[in-house]
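Reading through the structure tokens given below for one structure.
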Amino acid sequence: PNSPLAGGSSLSVKIDDAKGGNYEKLEVDGKSADTSVTDTQDTTNLSLTATGVVDEGGQITYTATLTNAAGTPVTVTLSNG
């Protein structure tokens with residue numbers, strides 16, 4: 001999902017309004033608070049393992065493993081079709 005804290009962006013926020021506190025007069029500072037967000041690459045590796053030995057006519061089981069949980073479905077296409 002998109003986040004306001006995506007890497008390589010900046011965020012500028014200011015107070016629009018404030019109420020409460022039982023103050024006689026509350027002055028809102030109109031200055032913004034600025035934040036720069038650095039871009040951090042989250043590397044995920046995908047590896048493939050297979051049944052080491054199989055008898056003729058047997059079944060080979062391939063297992064694809066991600067080092068981080070997927071946020072959406074991942075489709076893997078093997079070189080043997």
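Summary of computed values
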{"item": "About the Cα centre, charge dipole magnitude for the chain (Lys/Arg +1, Asp/Glu -1 at Cβ), debye", "result": "120"}
{"item": "Which label in (i) 1.39; (ii) 1.28; (iii) 1.01 gives the computed Rg/Rh (Cα atoms, Kirkwood Rh)", "result": "(i)"}
{"item": "Estimated distance in nm for a label pair at Asp39 and Tyr23, the labels positioned 7 Å out from Cα along Cα-to-Cβ", "result": "4.0"}
{"item": "Rel. contact order, % - alpha carbon contacts under 8 angstrom, at least six apart, the chain", "result": "24"}
{"item": "Furthest towards positive pole of dipole, Gly30, Thr72, Val13, structure part the chain, Cβ charges", "result": "Gly30"}
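Every number here is computed from the coordinates shown, using simple stated rules; none is lab data. Quick caveat: nothing in here was measured; it's all calculated off a predicted structure. Heads up, the Cβs are rebuilt from the backbone with ideal geometry, glycines too, and the neighbour counts pull from every protein chain shown.
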